[in-house]
Each structure stands twice: as structure tokens, then as C-alpha cells.
Amino acid sequence: MKSIAVLPQGSVSHEALLHLFGDEPVNIEHHKLISNVFLATANGATDYSVIPIENTIEGSVSLHIDWLINEVNLPMQAEWIFPSIQNLISNPQEFVDAEGHKDYSKVVKILSHPVAMAQCLQFIRDHAPWAELESVGSTSEAVEIVSNNPGKGWAAIGTALGAATHGLEVVERQVTDHNNNYTRFVLVGHQKLELPRKSSGDKTSILVTLPEDFPGALHQVLAAFAWRRLNLSRIESRPTKKKLGTYYFYIDVMEPIESVLLPAAIEEINALGCQVRILGSYPTYTYEEEKAEVQ
């Protein structure tokens, strides 16, 4: 049975993991901190780790990408999209008036992960702009804290699974500012992954470090993909942390590493004096296709 490290029980990462594996049994190991999720697999305690790396609203999760680049050497083995459905969670009896109607004027504090909080700012401004906002390590941790502090007017932004896990209820569903709020997850580990479901394609993620004092180097790197008609779905610069003004370029190529053209493109980039590191070549799963498959 596969062992997988993930953020706390009831987090979006936990929901996403259950969605990816469906009915396949897995041994889940929960961790409070994302650093411990990474290290569980890096140290051999688990086979894989679940890492959120990009969100529709907030963009890249820079901390997690930097961990993949600088702290661990864990290849990406799968990528999937999952909706980040955030809800306002508490004991609903704390936020009702004498007639039993919702009364958000009684909200004193709202807790959540900072990324989740940022996804719900419009709801907060509209319903409880006076509330104190407190960032914690995960949405599940926020729900747990609220569960342990009844009667204080505290609420959490988190998942329905988190509410059920900690004995609370969803006071208001889907409080995110946008309906198309999706998160991209990767499963990292040293073993290739095989799932019974059909993927929507393959992707290869690479890291390119340009040589110093090489005018037009990035243009030539991109040209190596362009003339071969290799589709890039993402290119992002990240600091090397070695010298101010020096960057890695994180690039997603919509081809498997076994394809005919991609290895030749990488060889050409190496010939330019660039350093190329392959972060993983893996199947991708889109939420819409997986949902249709299940039905």
C-alpha cells in the first residue's frame, strides 16, 4: 500500500488526495507543516508527498516551489487539478439573532491559511469587515482552533471535510471570491506512479539556469522550444538565492521526456551554456475529465 504525506486531515490537500486516488487504498500520514510533508518523503518515511503549487486566484505557491528547487530532490510523479471550495465554518448557533437568522455582526475573528483567506476577501469585506483575521498553518488547523474555542465568536475558512472532521458545521458555503477557484497539486516521490484512470496528457517540468553575462540567452532558450513547436504551459523566474539578480527559470513543457523533440531541445539549451535540471515528467489529470470519468 502506498504511503503518502499530506497536510492536516480536512485540508484541501487532503480532499485533493482522496479525489486523485479514489477507491484505491492508501496509507495517509498527516503533517501540520508543509516542510514536514516534504521531509517525510525525502527521508524515506513515506512514498509520496502531496504539494499544492499553484492557485487560480493567488498564482504560484512560491514557498513550495522553492522547496522543490532548493531543499529536496523529489521528482514530480503526477499533477492534478482540484477545486478549492472554501466555506465559513463554526458553530452556527453563535451567529444567529433572536429570531434564528444569520447575524454576522457576532463574528469576532476569522482564521484560515493565508492563501485561503486571500481567496475570500470580498466575502469578508461584505459580511464581517470588522473581524480580526488570523493566519494559521492550514485551513484544517483553523477549523480545529475554532472547534476548541466555542462561544468566542470565532469562525474558520476551510473545507466541508474539515468541518466534519472537527465536529463543526458549514455556516456559509462557497465563500471564495471566484467560482473558478482551482488549485494545481503535484505528487512528488522517487517511484513512478500508475493510476487506473486515464490522464489528460503528459508534462515535463524543467529548471533552466542561464549563464551569466550572456545577452539574449533566455530568447535562445525559448527558441529551442519554439522552432520545434513544443508547447510551454508555464514559464516563471525564481531567484537562485546565490546572488542578487540571478534567476532560475521554471518551465512546464507539454510533452513527456520520452518524446523525440524534447530531449533534443534540452541538449540545445545545454549547448548554450545553460544548466538544465529535470524536475519531473508525469501524467496530468484535469478535474473535469476525471469527474466525467467517474460518472
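The values are calculated or read from the model by the stated rules, or taken from the named source; none is laboratory data. Keep in mind that this is a model prediction, so the values were computed, not measured. Cβ placement follows ideal geometry from the backbone for every residue including glycine, while neighbour counts extend to all protein chains displayed. Surface accessibility is based on the protein's heavy atoms, side chains included, excluding ligands, DNA and RNA. Shrake-Rupley method; radii C 1.70, N 1.55, O 1.52, S 1.80 Å.
Quick notes
- Number of the exception - residue 106 against (1) farther than 17 Å from residue 142 by Cβ; (2) at pLDDT below 90; (3) in contact with a Gly (Cβ under 8 Å, 6 or more places away or on another chain): (2)
- Residues within the range 67-114 that are out of contact with any helix residue (DSSP H, G or I) (no Cβ under 9 Å at 6 or more places or on another chain), assigned to a helix (DSSP H, G or I) and assigned by the TED database to the domain that holds residue 164, tallied: 3
- Looking at 56, 46, just one residue is touching an Asp or Glu at 6+ places or on another chain (Cβ under 8 Å) and not assigned by the TED database to the domain that holds residue 166, and that residue is 46.
- Checked against (1) at pLDDT 90 or above; (2) under 20 Å from residue 184 (Cα atoms); (3) open to solvent by 50 Å² or more (accessible area, probe 1.4 Å); (4) in contact with an Asp or Glu (Cβ under 9 Å, 6 or more places away or on another chain), residue 85 passes all but a single condition, namely (1).
- Failed condition for residue 66, given (1) closer than 30 Å to residue 257 by Cβ; (2) modelled with pLDDT under 95; (3) surrounded by 16 or more Cβ atoms within 10 Å (Cβ to Cβ): (3)
- Whichever residue in the range 253-274 is among the acidic types (Asp, Glu) and over 16 Å from residue 220 (Cα atoms) and, among such residues, is most open to solvent (accessible area, probe 1.4 Å): 258
- Within the range 163-203, the only residue that satisfies the criterion of being β-branched (Val, Ile, Thr) and open to solvent by 40 Å² or more (accessible area, probe 1.4 Å) is 165.
- Residue 47 vs. criteria open to solvent by 10 Å² or more (accessible area, probe 1.4 Å), farther than 17 Å from residue 8 by Cα, of a type in the set (D, E, K, R) and modelled with pLDDT under 90: no
- Note on the range 1-58: residues that are more than 19 Å from residue 78 (Cβ to Cβ) and in a loop (DSSP other than H, G, I, E, B) total 12.
- Flag for residue 147 being of a type in the set (Ser, Thr, Tyr), out of contact with any strand residue (DSSP E or B) (no Cβ under 7 Å at 6 or more places or on another chain), surrounded by 15 or more Cβ atoms within 10 Å (Cβ to Cβ) and modelled with pLDDT of 90 or more: yes
- Any hit, the range 141-157, residues being under 30 Å from residue 249 (Cα atoms) and part of a loop (DSSP other than H, G, I, E, B): no
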